Structures are given as C-alpha cells and as structure tokens.
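The values are calculated or read from the model by the stated rules, or taken from the named source; none is laboratory data. Being a predicted model, the structure only gives us computed values, none of them experimental. No Cβ is skipped: glycine too gets one built from the backbone with ideal geometry, and neighbour counts run over all protein chains shown. SASA here: full protein model, heavy atoms, side chains in, ligands and nucleic acids out. Shrake-Rupley method; radii C 1.70, N 1.55, O 1.52, S 1.80 Å.
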Amino acid sequence: MVNGHVGGSVMGAARSLELSGTVDGAVRVAGQSVTLNGSVGKEAVVFASDVVVSPGATIGDGMTAGAATLSMGGTITGDLTGDVGQLSMSGQVDGSVDVEAGSVSVAPSGRIGGDLRYRSKNAAQVAPGAQITGRTERLEPRVEQQSQFDDNPFLNLLGLWVGLLVLGYLLLVVRPAHMAAVGQEIRRRSVPSFGVGILVWIGQIAALVALCVLAVLFGLLLPQLGGAFVAPIIVLVLLIIVVALVAQVYVATGIGQAIASRANLSPWLAYAAGALVWALLLSLATFVHGALGALLYFIAWFLALGALALHLIRRRRAEAADLADMAVPEAPPPPFEVG
C-alpha cells in the first residue's frame, strides 16, 4: 500500500497493490490485483488479473494495461491502450481508447475525448449518455500466424533430424568412445537403464528443490549466505537441460548401433540412421497426440540418464580394479643357487 507522497516513480510487483497517495513520476507495477486511488503524474503501466482505477484517481500521461478485468472510473490525461479481457469505463479518458478486449462497455458517465478503437469479437456496449468525441471502430481480433513448421509434419521431421545430426556428430567428434559406451548400455541393458534413470531423475529434481529451500532459508536467516546457493542452482538447472537434450542423442546412438549390427555401416552412417528413426518416432508420436510425444521424450530422458549412470559406475569399477592390480607387489625372483 502506498499512501504517502512519492517524488519519483513507483516500480514493483506484489500480489496486491493499492496506490492511494500521490506519485509525481510514473507507475509501473504487476500483480494479481492493482487498485489506483490516488494521483499519478506521468504514465501508468499495469499488468494484473484485476485492475481498478477508482473514481477520483488521476493519471497524467496515459495508461497501458494488460488485465483480465479493467474497471476505469478515474481520469486519464492521455490515451488508454492495452489488452484486457473485460473493459468497463465509467470515467474519463481525454485521449483515445485503443484496446484488444473480449468485451467493452461504456457507462453513461463515460467520457472519451478521442476515438474508441477496439479489437473484439463482440460489439461494444455504449450506454445512452456516454460521450465519445471521435470515431467508434471495431476491428477483428488479431490471429496469430502459424509457421510452416506448424502445418508441415515433414518439415518438423527434417528439423528434428538435422538437430539430432548436428548435436550427435559434434559429440562423435569430441567423445566417440563415450557415445559408443552409453549407446551400448541403452541397447543391451535398456530395462535396468530405464529403472536407474527414473531414480536419477527423481534425485536431481529433489536436489534442485533442496537447494532452492536452503537458499530461501539462508536468505531469511543469514542473508549474507543466501547468495551462495545461486551458482549451484544455476549449474544444476543447466546440467538438467543439457542432459535432457543430449538424451535424445544417446537414444539415437543406441538405435544406430542396433541397425549397424545387421548392416555394415560406419559409426557416422549408423548414427544418422538411428537419428532418423528416432526423429520419425518422435514426430509420429507428437502428430498423434502431443502428450504421447512428451511421454516418448521422457522415456528417452530416463533411458539416457540410467545408461549414463551405469556407464560411469562400470568405468569407476574398472579404474578401481586397475589401481588394485597396480598396487599388488610383484613376486620376488627366486634366490640364486650355486650348483
């Protein structure tokens, strides 16, 4: 709540904000509900579910609003623009009203000094007695243009395949042995990989939640230590995103290895074939139903997480065994005997 005098501007976000004082500058706020009861010297930019400009409130240099409901009962010296679900006007706008809205209604006390221009499927309800100095114009709502990729499944398939090729070939150049090992885990131990992957996925989400909780607690109790958790949280989030993307490459590698076992293909051609098959499966599942495509994506994520974990465990055991063999002393040579 702002009840006093603010010489500058007000900027912020809150669940609910009520401005009953005087602001010499601008107001730029966001929240669930915003109520303007006082005076704003410059423009007001408000994004909220419910916005109320009370009778007696004044805004000196126009208003831009994004809201589900906007009740304008005050005075705006300038234009009113924005995107609202329901606009109810009982106050005065010295300039024009230019909004995209589900519905527009102007009460008998409503005054518009310029034009009333609105984009809506419904005609505005202008009560007798309301005054609109300029023109009243209704336009059709904007329709978002769909891209060619939204309409053409073959372009979607091509784009997904090319993306898998670029990322997969990059990993093949950098770490070919690692790619082959994880692909073998997916191909030969798919069920254990899937089970371990679910556990690892739950563990990483739990670790992320724990870090966020600790960051909040330390921020409240020891503010000087709260920021220490920011870097680990960012690193963990980036790691989760990277693994989720690379998981599709690992699954394509496993499919390519299965194809190469029946045909004499180089690793490059085998991966290209596996990537094409996996891209085709993902595209087909998404075309049938978006939820089915998401499910297939998560299955690949779980498989890759588990295969990666099993591969790392197997490699650590092999390294430990090599170190143990190196630590065993060699048997001493037999004593020299003189005949």
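If the condition is being in a helix (DSSP H, G or I), touching a residue at least 12 places away in the same chain (Cβ under 8 Å) and out of contact with any Phe, Trp or Tyr (no Cβ under 7 Å at 6 or more places or on another chain), then segment 179-190 contributes Met179, Ala180, Ala181, Gln184, Glu185, Arg187, Ser190. Of the listed requirements (1) in contact with a Phe, Trp or Tyr (Cβ under 6 Å, 6 or more places away or on another chain); (2) small (Gly, Ala, Ser); (3) touching a residue at least 60 places away in the same chain (Cβ under 8 Å), Ala101 misses just one: (3).
Does Asp24 count as acidic (Asp, Glu) and within 24 Å of Leu139 (Cα to Cα)?
On the way: acidic (Asp, Glu): yes; within 24 Å of Leu139 (Cα to Cα): no.
It is false that Asp24 is acidic (Asp, Glu) and within 24 Å of Leu139 (Cα to Cα).
Per the listing Ala258, Ala206, the residue uniquely closer than 27 Å to Phe298 by Cβ and buried (at least 16 other Cβ atoms within 10 Å of the Cβ) is Ala258.
Before we move on, is Val249 out of contact with any Pro (no Cβ under 8 Å at 6 or more places or on another chain) and more than 30 Å from Leu158 (Cβ to Cβ)? Steps first, answer last, please.
Values: out of contact with any Pro (no Cβ under 8 Å at 6 or more places or on another chain): yes; more than 30 Å from Leu158 (Cβ to Cβ): no.
Taking the combined requirement at face value, the residue does not satisfy it.
Being in contact with an Asp or Glu (Cβ under 6 Å, 6 or more places away or on another chain), closer than 25 Å to His5 by Cβ and among the polar types (S, T, N, Q) holds for only one residue in Thr81, Thr77, Thr69, Thr64, and it is Thr77.
Take the conditions (1) part of a strand (DSSP E or B); (2) open to solvent by 30 Å² or more (accessible area, probe 1.4 Å); (3) under 14 Å from Val46 (Cα atoms); Asp61 misses just one of them, which is (1).
Let's see how each residue does on (1) modelled with pLDDT under 90; (2) in contact with a Lys or Arg (Cβ under 6 Å, 6 or more places away or on another chain); (3) among the β-branched types (Val, Ile, Thr); (4) open to solvent by 60 Å² or more (accessible area, probe 1.4 Å):
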| residue | (1), (2), (3), (4) |
| --- | --- |
| Leu80 | no, no, no, no |
| Val84 | no, no, yes, no |
| Ser105 | no, no, no, no |
| Lys121 | yes, no, no, yes |
| Thr133 | no, no, yes, yes |
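Identify all residues within segment 270-296 that are open to solvent by 70 Å² or more (accessible area, probe 1.4 Å), within 22 Å of Phe154 (Cβ to Cβ) and not in a loop (DSSP other than H, G, I, E, B); write none if there are none. Spell out how you get there, then give the answer.
Keep residues of segment 270-296 that are open to solvent by 70 Å² or more (accessible area, probe 1.4 Å), which gives 276, 280-281, 284, 286-289, 292, 295.
Of the ones still in play, those that are also within 22 Å of Phe154 (Cβ to Cβ) are 276, 280-281, 284, 286-289, 292.
Those that are open to solvent by 70 Å² or more (accessible area, probe 1.4 Å), within 22 Å of Phe154 (Cβ to Cβ) and not in a loop (DSSP other than H, G, I, E, B): Leu276, Leu280, Leu281, Leu284, Thr286, Phe287, Val288, Leu292.
If you check Leu220, Leu214 for being without any contact (Cβ under 8 Å) to a residue 40 or more places away in the chain, in a helix (DSSP H, G or I) and open to solvent by 80 Å² or more (accessible area, probe 1.4 Å), only one passes: Leu220. Scanning segment 1-26 for residues that are surrounded by 14 or more Cβ atoms within 10 Å (Cβ to Cβ) and within 35 Å of the chain's Cα centre (by Cα) gives Val2, Ser9, Val10, Ala14, Leu17, Glu18, Leu19, Val23, Gly25, Ala26.
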